[in-house]
Amino acid sequence: MDSRNVHFAEASTWPDDIRNDPRFHNDGESAPAIPGLPDNARHKKWHYVDLRADGTVKDGLLDQKIAELTNMLHPKSASYGARSTAAADQISFALPWLIHLIADIHQPLHVGQHGDEGGNQFEIENPFNRRLPFSSLHTYWDDLPGPPWLRGKKLEQKAAWLVEHHAAPIQADVRVWRDESHRFLAMAYPKAEGGLLPMITEDFQRQAKEIAQQRIVDAGYRLGRLLEKIFGTGVSRGTP
């Protein structure tokens with residue numbers, strides 16, 4: 001696997017990795033500054049946006065921060081297609097966040113209902129996962145496109161298969177991406193059928209996997225096109 005793709009994949013997980021890094025702090029707290037970073041907050045609210053029944057935002061900053069990070073990388077005053085003039089420290093901070101948050105906004109439980117922390121407080125039983133038969137619903141959805149440790153040739157093969165079997169989306173804008181995910185929310189929760197925990201059925205697994213795969217393809221294409229506009233170079237062709 002091309003080392004550049006490895007670095008790209010690793011960078012995309014950084015906003016989750018810092019949750020357990022003592023050099024970073026939660027909202028309302030503080031920690032010594034880290035040279036080269038604009039801030040060292042964990043930014044929990046950046047990872048989600050909860051919507052009310054009428055579609056207005058109740059909590060979270062996910063859609064707003066995608067727009068702000070895009071502007072940090074490519075100010076609105078600059079013409080798209082010209083190479084970004086952002087400083088190196090801005091790019092090293094904003095780019096991993098942008099990659100990560102575009103994936104987040106395409107996962108239905110990151111655009112959720114207020115009260116269960118995007119399915120993190122909703123426990124399920126999953127007979128299709130021997131490694132993790134009991135988990136939160138949020139973890140279940142995060143793992144649907146493929147296990148988090150997928151790397152190298154297997155990752156390339158998985159990406160190629162996804163591209164071959166799923167249509168490319170229209171680009172649209174961040175609000176459209178958000179609202180698409182929100183419309184899937186009703187299908188994101190398994191029904192309780194008498195057991196101690198809601199169980200993932202074969203029908204639910206099939207539907208959820210298809211949704212998750214299409215959404216990760218949508219996220220990949222849209223991220224690639226956006227990065228082409230920001231950096232003025234081809235990055236999206238051939239992979240989702």
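Read the figures in this text as sums done on the coordinates, not as results from a lab. Bear in mind the structure is a predicted one, so any value in this text is a computation, not a measurement. Positions of Cβ are generated from backbone atoms using ideal geometry, with glycine treated the same way; all protein chains shown enter the neighbour counts.
To the nearest 10 degrees, how steep is helix 152-165 against the longest Cα principal axis of the chain, on a 0 to 90 scale?
80
Can you tell me the orientation of helix 3-12 relative to the chain, as the angle in degrees between its alpha-carbon axis and the longest Cα principal axis, to the nearest 10?
Helix 3-12 sits at roughly 70 degrees to that axis.
If you take every DSSP beta bridge fully contained in the chain, what fraction is antiparallel? Give it as a percent rounded to 5.
Bridges in the chain that DSSP calls antiparallel: roughly 75 percent.
Can you classify region 120-214 as rounded, prolate or oblate using the Cα gyration tensor, where a ≥ b ≥ c are the square roots of its eigenvalues, rounded means a/c under 1.5, and otherwise it's prolate if a/b beats b/c and oblate if not?
Oblate is the answer for region 120-214, as a/c is 1.5 or above yet b/c matches or exceeds a/b.
Give the lysines whose C-alpha is closer than 18 Å to that of LYS58, dropping any in the same chain fewer than 8 places away, or say none.
Leaving aside lysines fewer than 8 places away in the same chain, those within reach of LYS58 are LYS44, LYS45.
With a cut-off of 8 Å between alpha carbons and a minimum separation of six or more residues, what is the relative contact order of region 3-231 in percent?
22
Can you pull the semi-axes for the chain, root of five times each eigenvalue of the Cα gyration tensor, sorted largest first, whole Å?
Values for the chain, descending: 29, 22, 18 Å.
Test of understanding: what is the full-extension gain from GLN90 to ASP21, defined as 0.36 nm times their sequence separation minus their Cα-Cα distance?
Net length gain for the segment: 22.8 nm.
Can you compute the modelled spin-label distance between HIS165 and ASP143, with each label point 7 Å from Cα toward Cβ, in nm?
Rounded to a tenth, the inter-label distance reads 1.9 nm.
Just to be sure I understand the model, the point goes 7 Å from the Cα along the line to the Cβ. What's the resulting GLU117 to MET199 distance in nm?
If labels sit at GLU117 and MET199, their model points lie 2.7 nm apart.
By how many nm would the segment from PHE134 to GLU210 lengthen if fully extended, with 0.36 nm per residue of separation less the alpha-carbon distance?
Gain in length upon complete extension: 25.2 nm.
Using DSSP to call loops (not H, G, I, E or B), can you name the trypsin sites (Lys or Arg not before Pro) in region 100-156 whose Cβ has at most 12 other Cβ atoms within 10 angstrom?
Hits after loop and neighbour filter: ARG130, ARG131.
Around ALA103, under 11 Å between beta carbons, what's the net of Lys plus Arg minus Asp minus Glu among the other residues?
-2
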